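As structure tokens, the structure follows; a few thoughts come after it.
The values are calculated or read from the model by the stated rules, or taken from the named source; none is laboratory data. Owing to the predicted nature of the structure, the values given are computational and were not obtained by experimental measurement. Cβ atoms come from the backbone with ideal geometry, glycine included; neighbour counts cover every protein chain shown.
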Amino acid sequence: MFIDIFKYKQWADRRTLDAAKSIDGQENSATTSFIRQQLNHMVIVEELFRARLIDDESSHRSTNTEIVPELNELDLRLTQSNEWFIRYVTELDLEALNDQISFQFVDGRHGRMTRQEILFHIVNHGTYHRGAIGHALDLAKAARPADTYTVFIHTHQPERRLQT
């Protein structure tokens, strides 16, 4: 199911990125700045946990940055992150889901999670921040994309809408 869940995350992130790009950055500069900050945080957390999953060093020492990248760069990094996670869960041996990974959070505290828990956290974390971005889009009177899992399923499998 992780494959479908990460495909859902990719779809929902794409809808959010497209909605963010549709608003007037000059007229809604505070909203655009907030959205960029949220997306920046999302992708940094994904990059941190990706490094932990493959036992690699991360270049991030914080879960955000003083200088927030523009939307196009965030789009590229989030797209690459989603593609990486889809490949990762597609190739992951199911028995490895319960492997414990010990690591250090950016605040210096130690943590330990299973691969499965990390993957769940990535999806849940993105959902949380897309919700905050959706609220910002509402305040800017911009179109807020429906990004729930039920919409994703029925968009990709419209035959589920047929009565049985």
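Observations
- Looking across the range 1-23 at every residue that is aliphatic (A, V, I, L, M) and part of a helix (DSSP H, G or I), the one that is surrounded by the fewest Cβ atoms within 10 Å (Cβ to Cβ) is identified as Ile3.
- Picking from residues in the range 64-81 that are in a helix (DSSP H, G or I) and hydroxyl-bearing (Ser, Thr, Tyr), the one that is farthest from Asp18 (Cα to Cα) is Ser81.
- Enumeration of residues in the range 27-47 that are without any contact (Cβ under 8 Å) to a residue 60 or more places away in the chain, buried (at least 20 other Cβ atoms within 10 Å of the Cβ) and hydrophobic (A, V, I, L, M, F, W, C): Val43, Ile44
- Matching residues in the range 87-136 - criterion: being in contact (Cβ under 8 Å) with a residue 12 or more places away in the chain and among the small types (Gly, Ala, Ser): Ala96, Gly126, Ala132, Gly134, Ala136
- From the list Arg115, Arg161, the one residue that fits, being touching a helix residue (DSSP H, G or I) at 6+ places or on another chain (Cβ under 8 Å), of a type in the set (Lys, Arg) and at pLDDT 95 or above, is Arg115.
- Enumeration of residues in the range 21-56 that are modelled with pLDDT of 95 or more and among the hydrophobic types (A, V, I, L, M, F, W, C): Phe34, Ile35, Leu39, Met42, Val43, Ile44, Val45, Leu48, Phe49, Ala51, Leu53, Ile54
- Considering the range 106-141, the residues that are over 22 Å from Arg61 (Cα atoms) and among the basic types (Lys, Arg) include one that is surrounded by the fewest Cβ atoms within 10 Å (Cβ to Cβ), namely Lys141.
- Residue within the range 84-101 that is surrounded by 14 or more Cβ atoms within 10 Å (Cβ to Cβ), of a type in the set (Val, Ile, Thr), over 28 Å from Asp147 (Cα atoms) and at pLDDT 95 or above present: yes
- Residues located in the range 53-96, provided they are among the aliphatic types (A, V, I, L, M) and touching an Asp or Glu at 6+ places or on another chain (Cβ under 9 Å): Leu78
- Answer residue from the range 142-164, given it is assigned to a loop (DSSP other than H, G, I, E, B) and within 18 Å of the chain's Cα centre (by Cα) and is surrounded by the most Cβ atoms within 10 Å (Cβ to Cβ) among those: Asp147
- Among the residues examined, Ser59 does not qualify as in contact with a Lys or Arg (Cβ under 6 Å, 6 or more places away or on another chain), free of Cβ contacts under 8 Å to residues at least 40 places away in the same chain, of a type in the set (S, T, N, Q) and surrounded by fewer than 12 Cβ atoms within 10 Å (Cβ to Cβ).
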